[in-house]
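Chemist: Sharing a structure below in structure tokens format, with a few things to ask.
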Amino acid sequence: MPENKSRPSQGQPWEDGWAPDTSRAPGTRRLWLAGGMAMATIIACVTAIAISERDSDGDSAAASTPAADSTVPGLISFATPSGTAPPSGKSGLSKEKPTPEAPHEQNASKPEPAPSKSSSGEAGSPTKAPKPPATTTWRSVRSVNYPDRYWHMSDGRVGLDQVRGSESREDSTFKQVKGLADSSCYSFATRDGQYLRHRNFVLRAERNDGSALFTQDATFCPRGSAHSSGATMLESVNYPGYFLRHKNFVVRLERYEHSSLYLADSSFHLVDGLA
């Protein structure tokens, strides 16, 4: 038979002198410690999951929101129209409008529309010049880039020639009067009573037939030249944007161009008559 050993009394002090705590069951402190650690672990896990879900929701919302400059699928985007604005000024180039047809033939039946009027001009484009004088004035028209050449009548057409002799001086002198179609513009008459008009792009002298078409063809509005100070450009009253210029020493009507050559060829000085 094994020897029975009696259990030590619970009220006896330990060897180190401490008395055991008999008020609670053995192992309670360890249980509380383990429970606290488990609770802390659970709280930490829940907090991490919540933060992870919040960041995931934020990324999803950002990904689903289209950028300001992106195109949403299924929608049609339209680019902003762009274009180059024509030069401003009373030259008829201040507003965008359909390109006028080429100057008419001699037997055209319908007069062209009168030029539109606008206020200010910009650098490099024709600007408004002073109104013509009230009295009749004899003028010669001298080229800016060929200062020794003048408008000169020859075989019914106007060319750009040098002056030679008295007859040449007479053929290079014209009577400047108020415009037949617009009194604020100019018309030019020859000594024998003909008027300078544009027809088939060319400036020529013809008798006034009294028609509205003729008066418009023979009327030119002065514009200040950006090429030379004091020079004048002459714009057709019924073809706004078309100016008289010399080309191959023939005075013609051509549409305005933004080029130094065109500005030089279409700039003239209106001087006292040579004859």
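Chemist: Looking at segment 210-221, is at least one residue surrounded by 22 or more Cβ atoms within 10 Å (Cβ to Cβ) and under 30 Å from the mean Cα position of the chain (by Cα)?
Modeler: Yes.
Chemist: Okay, moving on. Spot the failing condition for S225; the list is (1) modelled with pLDDT of 95 or more; (2) under 19 Å from N145 (Cα atoms); (3) surrounded by 19 or more Cβ atoms within 10 Å (Cβ to Cβ), and only one is missed.
Modeler: With respect to (1) modelled with pLDDT of 95 or more; (2) under 19 Å from N145 (Cα atoms); (3) surrounded by 19 or more Cβ atoms within 10 Å (Cβ to Cβ), S225 is out only on (1).
Chemist: Identify, from the list G156, G165, the residue that is open to solvent by less than 70 Å² (accessible area, probe 1.4 Å) and in contact (Cβ under 8 Å) with a residue 12 or more places away in the chain.
Modeler: Just a single option satisfies the conditions, and that option is G156.
Chemist: Which one of these is closer than 26 Å to S168 by Cβ, of a type in the set (A, V, I, L, M), under 33 Å from the mean Cα position of the chain (by Cα) and open to solvent by less than 20 Å² (accessible area, probe 1.4 Å): L203, L234?
Modeler: Going through L203, L234 in turn, just one is closer than 26 Å to S168 by Cβ, of a type in the set (A, V, I, L, M), under 33 Å from the mean Cα position of the chain (by Cα) and open to solvent by less than 20 Å² (accessible area, probe 1.4 Å): L234.
The values are calculated or read from the model by the stated rules, or taken from the named source; none is laboratory data. As the structure is a prediction and not an experimental result, all values here were calculated from the model. Positions of Cβ are generated from backbone atoms using ideal geometry, with glycine treated the same way; all protein chains shown enter the neighbour counts. These accessible areas exclude ligands, DNA and RNA; they are computed on the full protein's heavy atoms, side chains included. Shrake-Rupley method; radii C 1.70, N 1.55, O 1.52, S 1.80 Å.
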